[in-house]
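See below for the structure under consideration.
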Amino acid sequence: MIIVARKNITVDQLDYIRERIESLGLRTHISKGVSRTIIGCIGDEARLAGVSLLSIPGVRSVHPVMRPYKLAARDFSADRTSRVQVGNRTFGGPACLVAAGPCSVEGAEMMAETGRAVAGEGASLLRGGAFKPRTSPYSFDGLKEEGLRILERVREETGLPVVTEVLDPRHAELVAGYADMLQIGARNMQNFALLREVGRLRRPVLLKRGMSATLKDLLLAAEYVMSGGNMDVVLCERGIRTFGGEMRNTFDLAAIPWLKLETHLPVIADPSHAGGRRDLVAPLAFAALAAGADGLIVEVHPDPETAASDGDQSLSFAEFADMMRGLQVFAEAAGRSL
Ligand code: PEP
Ligand code: MN
């Protein structure tokens, strides 16, 4: 349930409403926007049945939220849009942010080279997996803490905040000690123990859509993180499994505007995993920005042919530069900058 406050509500009146709701066993979330303040109530709404909320001073109106997700629902944000700060960059602001880097951190040299190249072309964040989820247990699964140390050094050199994946709740604190943003990968979107753990930490989360997850599943996964107190969630459409066999995944373009209508959280796209082929990355990236995405996460490698993972879909530096140039016009058409 959402309580919309009167414009001139006082601090004491707001406190009173919050305490009254919490005394009945519900949780509250206050969102102050430019033109309105709302008090979101989460819990057993039947307990509010005997309370005449509209007669409490400061209350303007009361609205039920029919969605199963609450904190992630668009109406739970006073401005119906939220911004997520990662280092010195902001998702959901006027600029579309591009996170770029290799699928896996393979070594210090390739990572530094990639960091410099993508920073030079206007990337906003550096990506790279130190803990890698691999379909086969025999594949390279990352440099682990050594990979995190490498990412930290490249951040120092380039100034780019780092986004990297956390696979296991037992590693969450370790990864959060190095990373500016924690990626929850598609395979872990419904790892509820992991979602709870990153909800407890104070690090922004990049939540990728599971390959067979509905958008409702995705928003409920975000709700897990947010219900732990961590409101800094960015959603990512990265393609889903369908009957088509030609592409690695099927890029669900409509998910982007749908999510933007349904949630206040920033939404980005991953054209690399969606198409699985380097020559599909730029067109899918253009489509994503045209559809209203707040940014992209893209795989870039100094020598894609020798990449330890996802070489087929990784852009060379020159291809990344071309994509960034091409993106300008799509960002502008969507009323954004790059
Ligand atoms: C990745 O970003 O390299 C990755 C493993 O992505 P996803 O979880 O979307 O497959
Ligand atoms: Mn990858």
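The values are calculated or read from the model by the stated rules, or taken from the named source; none is laboratory data. What you are looking at is a predicted structure, and each value in this text was computed from that prediction instead of being measured. Cβ sites come from the backbone with ideal geometry, for glycine too, and all protein chains shown count toward neighbours. SASA here: full protein model, heavy atoms, side chains in, ligands and nucleic acids out. Shrake-Rupley method; radii C 1.70, N 1.55, O 1.52, S 1.80 Å.
Could you give me the ³J(HN,Hα) list for the range 170-186, computed from phi with Karplus coefficients 6.51, -1.76, 1.60 and θ = phi - 60°, whole Hz, x at Gly and Pro?
Couplings: 5, 9, 4, 5, 4, 5, 5, x, 10, 8, 8, 8, 9, 8, 9, x, 4 Hz.
At 7 Å along Cα-to-Cβ for each site, give me the label-to-label distance between Leu24 and Glu173 in nm.
Each label point lies 7 Å from its Cα, and together they span 3.9 nm.
In the chain, what is the volume of the convex hull around the alpha carbon atoms, normalised per residue and reported in Å³?
Considering the Cα atoms of the chain, their hull volume per residue is 135 Å³.
Step by step: find N for the range 168-213, compute 2.2 N^0.38 Å, then divide the Cα radius of gyration by it. What's the final number?
The reported ratio for this selection is 1.06.
So with the 1.4 Å probe, I'd like the accessible area per residue for the range 133-258, rounded to whole Å².
Result: 44 Å² of accessible area for each residue.
Under 5 Å between amide H atoms, partner at least 5 residues away or on a different chain: which partners does Tyr69 have, H built in plane at 1.01 Å?
Close amide H contacts, sequence-distant or interchain: none at all.
Please list the non-local residues whose amide H lies under 5 Å from the amide H of Ile268, H modeled 1.01 Å from N, same-chain partners needing a gap of 5 or more.
When sequence neighbours closer than 5 places are left aside, the close amide H contacts are Leu235, Cys236, Glu237, Asp294.
Got a sec to turn the phi values of the range 125-130 into Karplus ³J(HN,Hα) couplings, 6.51 cos²θ - 1.76 cosθ + 1.60 with θ = phi - 60°, whole Hz, x for Gly and Pro?
9, 9, 10, x, x, 9
Kindly provide the trypsin sites (Lys or Arg not before Pro) of the range 175-272 that DSSP labels as loop, not H, G, I, E or B, and whose Cβ sees at most 14 other Cβ atoms within 10 Å.
Arg202, Arg241
Helices from the chain with mean Kyte-Doolittle at least 0.0 and a Cα length along the axis of 15 Å or more, per DSSP H: which? List each step's numbers first, then the result.
On the way: long enough: 11-23 (18 Å, -0.89); 108-120 (18 Å, 0.17); 145-158 (20 Å, -1.13); 215-227 (18 Å, 0.92); 278-290 (19 Å, 1.37); 317-333 (25 Å, 0.50).
The answer, listed by residue number, is 108-120, 215-227, 278-290, 317-333.
Of the listed peptides 51-64, 30-43, what is their order by residue-averaged count of other C-beta atoms within 10 Å, with the highest listed first?
Ranking the peptides 51-64, 30-43 by packing returns 30-43, 51-64.
Could you give log10 I(q)/I(0) at q = 0.11 Å⁻¹ for the range 62-171, computed by the Debye formula over C-alpha point scatterers of equal weight, without solvent?
Results for the range 62-171 at q = 0.11 Å⁻¹ read -0.48.
Sum -39500 (n - 2.57) across every DSSP H segment of at least 4 residues in the chain, then divide by the residue count to get the 222 nm mean residue ellipticity, nearest 500.
Values: 10 runs with 112 residues, N = 338.
When only DSSP H runs of four or more count, the value is -10000 deg cm²/dmol.
Based only on Cα atoms, what Rg/Rh ratio does the range 139-239 have, Rh being taken as Kirkwood's radius? Numbers along the way, then the final one.
Values: Rg = 13.3 Å, Rh = 13.7 Å.
Using Cα coordinates only, the ratio equals 0.97.
Can you order the peptides 166-176, 68-78, 227-237 by their average number of other Cβ atoms within 10 Å per residue, highest first?
227-237, 68-78, 166-176
Restricting to lysine pairs 8 or more places apart or on different chains, what number in the chain have Cα atoms under 25 Å apart?
The result is 13.
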